[in-house]
Amino acid sequence: MIGTLLRIRYEVLQELEEGPIFKAYRVRDRVGGRELKCRIIQPPFSGEASFLDAMRNVISETRAYEHPGLEKLLEIDEHEGAPFLVSELSPGAQLQDKIRKLAPFSSHVSITTVIGVLEALTAMHDLDQAHGDIESANVFVTQDGKVKLALPGVWKAYGASNTAGGVVLPGMASYLAPEITLGEMPSPRSDIYAVGSLLFELLTGRYPFSADTPVAMAMKHSTNPVPSAKGQNPGVHAVLDEIIKKMMAKLPTDRYAHAREALHDLRILQDALRFGKPISWPIRVKGPIPEPTPVEQPVLVAPKMSAIRKEAPVKQPTPAATAPEAVEPYDGVPKFILAGAYIMVLGLIALVAMILYQNLTAPTKVRVPNLVNRNAIQAEQDLKKLGLVFRTESVVSDKTEGMIVLVEPRGDIKKIVGVAGQSKW
C-alpha cells in the first residue's frame, strides 16, 4: 500500500492505526500540498451504501465544530471501488498506547490531559451534540501535551450499518455510560461518563471495571458501584476522586451536564494542587468559571512507579473511601522543598566532580623495587620501564664498583641511589 496514489491525488506514506472499520494511513495531498490522514473503509462496511451516506452526513455536521482539539473530517472519496475517509492528520500518538506503556500517570498529567479532552468537547456540547465514542484509541496526544479528539460524531454512522455497532462495542464497552447500554442515544452527559472512565484509567493504569466480554463489561458499568481511583492509587487527591465519581454517576442527571461544568471543577483543583491551596468537596467558588493558568503542557512519561494494565477485578471502595472528605492537605511537593532538593543534588554533583578530577589528575603511584646490591646499569633500565628517573652519586664503600649501596629519598628528587666507586651522574 505504501507508495500507492489514491484517486491520483493522495500518496500513501505510512501505515498508521487499524480498527475494525477503518485502516488509517498518513498521505501527502499532491493538490493541497499538505499531509492528511486517509482511513480506508474495510469490508463489509465499504459496500454498505447506507453507512457511507451516513458518514457523508456526519462530515457535513462536523463543519460546524470549530475547535483545534477536534479532528476535521474532510470528505469521503473512492479509489478503485474502495471508499476512504479523508481527514486532517492528528499529530502525536494514540493515548491508548501511552497508557499501555506508561500508566499510571501523575494527577497533574492526568488532569491536564482530560482538560484538553473537555475543552475540545465544549465545541460539540455548545451545540448539544455528543462525540459519542470517547475512548483512549480516539485521543491523540502530542509530545508537548496537546490533545486531539478523533472521529467526532461518527457514532451516528454506526447505526446506519447492520453490523458496525457490534464490531465497535469491544472498544467502547470500557467507557460506555449505563443509559447507552439500555438503548438511549449518546449525549453530552454520556460523553462526561466516558471522560470520567478515561481519567480513572490514566490515574490507575486500568479500566474502572473488568470483564471477560464487552457485554459483561457494559453490564458492570450499569450495575456496579463506581470504584475509587484513590483506592487503586493512594496518590490521587480525594477531591479528584470525587470528581471522577460525579462524572461516572449511574444516573445522567447526577453527572456534569456539560463539558464546561467538569472543566470548572478540574481547573479549580488543578490551580489548588499547583499552588498548594486547600480544597474540599463539593467545590464551591463564587464568580465565573476560571480560565486555565498558562503553564507548560506536561509530557506523558512514566512516573516513579509504573504499572501494566491488569484485568483483575477492580477493588470496590469501602464506605469510608466513598464518603466525601473534608479539607485534605495538598499532596504535592512544595516549591521550597523542591528548591532545597535541587541545591543538595547540585552540591552532590559538584563534590563527585571534584573527587573525580583529583583522582584523574593525581600522579600515578609506583612501588620502587629494592635496588640495593644490584648493578647500577641494570637498575637504571628497570627503573625506566617503570617511568622513574634514575640519579646516582658515588659513595665510599667496600662493595664492588658499580653496585648500588643504598637508596634514600631526599628533597624533590624521587630517589637518590648511592653507587660504590662512581662519580655523580
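The values are calculated or read from the model by the stated rules, or taken from the named source; none is laboratory data. In this text the structure is predicted, and so the values were computed from the model without any measurement. Cβ atoms come from the backbone with ideal geometry, glycine included; neighbour counts cover every protein chain shown. Accessible surface is based on the protein model in full, side chains and every heavy atom, while ligands, DNA and RNA are left aside. Shrake-Rupley method; radii C 1.70, N 1.55, O 1.52, S 1.80 Å.
Arrange the peptides 256-262, 219-225 so that the one whose residues have, on average, the most other Cβ atoms within 10 Å appears first.
On the way: 256-262: 20.4, 219-225: 16.9.
Per-residue Cβ counts within 10 Å, averaged per peptide and sorted highest first, yield 256-262, 219-225.
Taking the protein heavy atoms of region 67-225 in the context of the full set of protein chains, the accessible area attributed to carbon and sulfur is 55 percent at 1.4 Å.
Distances longer than 19 Å among the Cα atoms of region 43-102: what percent of all pairs is that? Display every interim value, and only then the final one.
Numbers: 832 of 1770 pairs.
Result: 47 percent of Cα pairs exceed 19 Å.
For region 39-87, trypsin sites (Lys or Arg not before Pro) are listed when DSSP marks them as loop and at most 12 other Cβ atoms sit within 10 Å of their Cβ; the list is ARG63. With coordinates expressed along the principal axes, the C-alpha atoms belonging to region 9-67 extend over 31, 29, 20 Å, beginning with the largest. Taking 12 Å as the straight-line reach from the Cα of LYS146, the aspartates and glutamates in range (excluding those fewer than 8 positions away in the same chain) are GLU119, GLU296. Ranking LEU102, VAL114, GLY81 by how far each Cα lies toward the positive end of the dipole of region 73-122 (charges on Cβ) leaves LEU102 at the top.
Name the shape class, rounded, prolate or oblate, that the alpha-carbon gyration tensor gives for region 187-232, where a ≥ b ≥ c are the square roots of its eigenvalues, rounded holds for a/c under 1.5, and otherwise prolate holds if a/b is larger than b/c and oblate otherwise. Oblate, since a/c reaches 1.5 and b/c is not below a/b. A viscosity of 0.890 mPa s and a temperature of 25 °C, combined with the Kirkwood radius over C-alpha pairs in the Stokes-Einstein formula, give region 151-225 a diffusion coefficient of 191 µm²/s. Given a cut-off of under 8 Å on Cα pairs at least six residues apart, what relative contact order in percent is computed for region 212-268? Once normalised by length, the contact order is 24 percent.
Net charge around ALA137, counting only other residues with Cβ within less than 10 Å of its Cβ (Lys, Arg = +1; Asp, Glu = -1)? Before the final figure, lay out the partial values.
Numbers: positive: none; negative: GLU17, ASP97, ASP133, GLU135.
That sum, taken over residues with Cβ under 10 Å, equals -4.
From the square roots a ≥ b ≥ c of the eigenvalues of the alpha-carbon gyration tensor of region 101-217, which class results: rounded (a/c under 1.5), prolate (a/b over b/c), or oblate? Provide the component values of the computation, followed by the final result.
Values: a/c = 1.85, a/b = 1.27, b/c = 1.46.
Because a/c hits 1.5 or more and a/b fails to exceed b/c, region 101-217 counts as oblate.
Straight-line reach from LYS220: taking Cα to Cα under 15 Å and skipping same-chain neighbours fewer than 8 places apart, the aspartates and glutamates in range are GLU179, ASP212, GLU311.
Tell me, what does the Kirkwood hydrodynamic radius of region 1-158 come to in angstroms if you use every pair of distinct C-alpha atoms?
Details: mean 1/r = 0.0612 Å⁻¹.
It is 16.3 Å.
Which of the pairs LYS148/LYS246; LYS23/LYS250; LYS98/LYS245; LYS37/LYS246; LYS101/LYS156 have their Cα atoms more than 30 Å apart in this structure? Flagged as over cut-off: LYS23/LYS250; LYS37/LYS246; LYS101/LYS156.
Using the Cα atoms of region 195-261 to build a convex hull, what is its mean projected area in square nanometres? It would help to have the intermediate numbers written out before the result.
Working: hull surface 18.8 nm².
Here the figure is 4.7 nm², rounded to one decimal.
Rolling a 1.4 Å probe over the heavy atoms of the protein chains gives region 110-200 an accessible area of 29 Å² per residue.
Distances longer than 23 Å among the Cα atoms of region 175-287: what percent of all pairs is that? All intermediate terms of the calculation are to be shown ahead of the outcome.
Values: 1766 of 6328 pairs.
So the portion of pairs separated by more than 23 Å is 28 percent.
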